[in-house]
Amino acid sequence: MERGADDKGEVPLLMDMVDDSEENHMMPPPSVEKVSFVEKYITSKMQPGSVKGSMFTMTVSIVGAGVLALPYAMEQVGVLLGIGLILFGAFLAYYSLFLLVICSDASGAMSYMHLAIASSGPRLAMFVQCVICLNLLGTSVGFFVASAELILLVVQPTGALDALELTSHRDTRNALIGALCLCFVFPLSLFRSLSSLRFSSLFSILCIVFLTITVVVKYFQFVHLGWAPDFWFQWQHLPMINFAPDRVLTAVPLVVFAYTCHPNVLPIYLQLKRRSSPRMYKVARRSLGVATLVYLALSIFAVFTFGEKTRTNFLENDYHGDAAIIAGCIFLGVSIVITTPLYIHTLRNCINEAVWGDVGGLGRHVILTTTLVGAAVTLAVLATDIASVLGVLGATTNPVICFVMPAFYICQLGDTSLLCHKYTAVMICLVLCGLSACSLVHQLHG
């Protein structure tokens, strides 16, 4: 059968269009487009399903706006304990991903929903879908707050504000949230397909890498200019370990949020070429390793720059109007704004699938999108800062996704040879659930 332009909407290949007629032989040969070395390398090395391509996809799903609050988490518990929490968070994330791959191999399930159905039926799948929907809504709220804070830093830098100035600053931030919603997020969320925004996550991670390098460089520059204490002074005067319960309960949810990527693991595993658990473990180790290096570098040097004055969004600290930091704020703020509709889009699809089983007509599409965006904006206006939003998520939906469900899956789907993993997973689940419950109570009373 000859392939044409209407076969899956594809443009016919040149080879399909050439025949042996004399007319075609008289036509000049088509020009060959030159491909740069960089483009050729990315195309060959970062293909979907390759280890490098899968590693990049997982890294993008891990690293996000949560980096803005990680320096604050490290400042709360001390540098050494903060480093320990970030490293331990990476280990726990890897272990829970390890459990998901084991359960997938045992049951043949290739998504979070399929694992829920295989382990306990459609009711558990509905519960898991509700948790993921709440997480998507909460992440959208966090992205609204983060984007408004980042853009506001460019036009209205914050220093030490008194109560009146702080109120005015929050009013300006809330007005900016509304403007971002009406001008960008809501119109983009109304599109049925958001494939044109598929590169926003790449832009976001490039901005975070740029910010990380800039924060490291600025620390040494500020030390040279006398704007920040040197390493040895901070080492002697900053608390290295602080086990105060309120500080630990503030830091732990932020670290949990930073490593949440679990619903994306099995789809990545499904697309992996020459799929095997060892290859998937390699992808997970490398992705978590890159994320951990970014988290550690950014957190350590931000805390060493500002010490105990590190704010909930570390970019709100005084960087003396540095052009590179301002550029980072603008780029990351823009990337977060254009990424937010992707979460609204996924959330809307989840609700349509769970409630109606189809995408529905135009009327339902508009009403549901308006409701979801309105709910996200309302919660964003009520939020005090980015750390409070991420802290609530890290104490509620994220532990369920990261630790409760993997422990349940391994207990239901694992055989007797995995008894040690079952006990370990249950212990981790109980400890993290206890910490998360205490953290949530602390945040609600704080």
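The values are calculated or read from the model by the stated rules, or taken from the named source; none is laboratory data. Since we're looking at a predicted model, the values are computed, not measured. Every residue, glycine among them, receives a Cβ derived from its backbone with ideal geometry; neighbour counts consider all protein chains shown. Surface accessibility is based on the protein's heavy atoms, side chains included, excluding ligands, DNA and RNA. Shrake-Rupley method; radii C 1.70, N 1.55, O 1.52, S 1.80 Å.
The apolar share of the surface of region 50-445, taken as the fraction of accessible area on carbon and sulfur atoms (1.4 Å probe, ligands and nucleic acids excluded), comes to 70 percent.
Consider all pairwise Cα distances in region 350-446 and report the whole-number % of them above 19 Å.
Details: 2891 of 4656 pairs.
Across region 350-446, Cα pairs with separations above 19 Å total 62 percent.
Translational diffusion of region 50-445, estimated by Stokes-Einstein from the Kirkwood radius over alpha carbon pairs at 25 °C in a medium of 0.890 mPa s, is 113 µm² per second.
Site pair Thr371 and Phe243 shows an inter-label distance of 4.9 nm when each label is modelled 7 Å from Cα along Cα→Cβ.
Taking 7 Å steps out from each Cα toward its Cβ at Phe88 and Asn349 produces label points 3.7 nm apart.
Protection proxy ranking for 228-234, 344-350, using the average of other Cβ atoms within 10 Å per residue and placing the highest first: 344-350, 228-234.
Here the translational diffusion coefficient of region 233-307 follows from Stokes-Einstein with Rh set to the Kirkwood radius across Cα pairs; for 4 °C and 1.567 mPa s it amounts to 85 µm²/s. Residues in region 305-446 average 44 Å² of solvent-accessible surface per residue, probe 1.4 Å, ligands and nucleic acids excluded.
Quick check on packing: order 204-213, 357-366 by the mean number of other C-beta atoms within 10 Å, highest mean leading.
Numbers: 204-213: 19.1, 357-366: 11.1.
The packing order, highest mean first, is 204-213, 357-366.
Taking 11 Å as the cut-off, no amide N atom of region 125-141 comes nearer than this to a point 7 Å along the Cα-to-beta-carbon line of His114. Fully extending the segment from Asp415 to Leu225, taken as 0.36 nm per residue of separation minus the present Cα-Cα distance, adds 62.3 nm. Take each peptide in 66-76, 312-322, 267-277, 416-426, count the other Cβ atoms within 10 Å of every residue, and average; sorted highest first, the result is 66-76, 312-322, 267-277, 416-426.
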